[in-house]
1. Out of the residues in the stretch 84-117 that are acidic (Asp, Glu) and in contact with a strand residue (DSSP E or B) (Cβ under 9 Å, 6 or more places away or on another chain), state the one that is farthest from SER55 (Cα to Cα).
2. If a residue must be charged (D, E, K, R) and in contact with a His (Cβ under 8 Å, 6 or more places away or on another chain), how many such residues does the stretch 48-66 contain?
3. Quick test of your reading of the structure: THR36 fulfils all but one of (1) surrounded by 15 or more Cβ atoms within 10 Å (Cβ to Cβ); (2) over 17 Å from HIS93 (Cβ atoms); (3) modelled with pLDDT of 90 or more. Name the failing condition by number.
4. Within the group ILE15, ILE35, ILE42, which residue is touching a residue at least 60 places away in the same chain (Cβ under 8 Å) and assigned by TED's automatic domain parsing to the domain that holds GLU91?
5. Scan the stretch 73-109 for residues that are in contact with a helix residue (DSSP H, G or I) (Cβ under 8 Å, 6 or more places away or on another chain) and of a type in the set (Asp, Glu) and jot them down.
6. For the stretch 83-94, name all the residues that are surrounded by fewer than 14 Cβ atoms within 10 Å (Cβ to Cβ) and of a type in the set (Lys, Arg).
7. I need every pair where a residue in the stretch 49-66 that is in contact (Cβ under 8 Å) with a residue 60 or more places away in the chain and within 7 Å of PHE94 (Cα to Cα) has its Cβ under 9 Å from the Cβ of a residue that is buried (at least 18 other Cβ atoms within 10 Å of the Cβ) and of a type in the set (A, V, I, L, M, F, W, C), sequence separation at least 6 or different chains.
8. Scan the stretch 91-132 residue by residue and report those that are under 18 Å from ASP61 (Cβ atoms), modelled with pLDDT of 85 or more and polar (S, T, N, Q).
Amino acid sequence: MPKEYSRSQRVVEQIRRELAELIRLEVKDPRVGFITLTDVEITPDYAHAKVFFTSMTGADDVPEILQGLRRASGFLRRELGRRIRIHTIPELHFNYDRSVEEGSRLSRLIDEVVREDEARHHDEAEAEVDGSKPAADDDGEQS
């Protein structure tokens, strides 16, 4: 049986969905163009919400994006109030989410290490075929 979500989790998900749609369709500020909302955290009293986003343009444009989001926050909050029926509409605090960028960086590093490892194994296999197997150290390790 699926786990039931708490009311605050449902509110957080609804805020994230509505904000994503509002930003995509209603916000006309060009600075806010290509962003994705990754998470929303809300205080227990619903007074404040941290809205995490990532940008397809990378971290270079984050200051301008943040400026555009802050400028649009009053509009976004008002529109949330029209779309979501909760007693208190939270004040929106936007934060750049570096996790996607960091994940991409780590993935590139892993790919690089795998390629280097495959190349090393390939070179060792060719050396064995040629009969010029690398000599072993005193410890028994190959050099």
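The values are calculated or read from the model by the stated rules, or taken from the named source; none is laboratory data. Nothing here was measured: the structure is a model prediction, and the numbers come from that model. Every residue, glycine among them, receives a Cβ derived from its backbone with ideal geometry; neighbour counts consider all protein chains shown.
1. Taking the candidates together, the pick is GLU91.
2. Selection size over the stretch 48-66: 1.
3. All conditions are met except number (1).
4. Working: ILE35 fails: touching a residue at least 60 places away in the same chain (Cβ under 8 Å); ILE42 fails: touching a residue at least 60 places away in the same chain (Cβ under 8 Å).
One residue alone meets the criteria, ILE15.
5. Listed by number, the residues that qualify are GLU79, GLU91, GLU101.
6. Selection gives ARG85 alone.
7. none
8. Matches in the stretch 91-132: ASN95 only.
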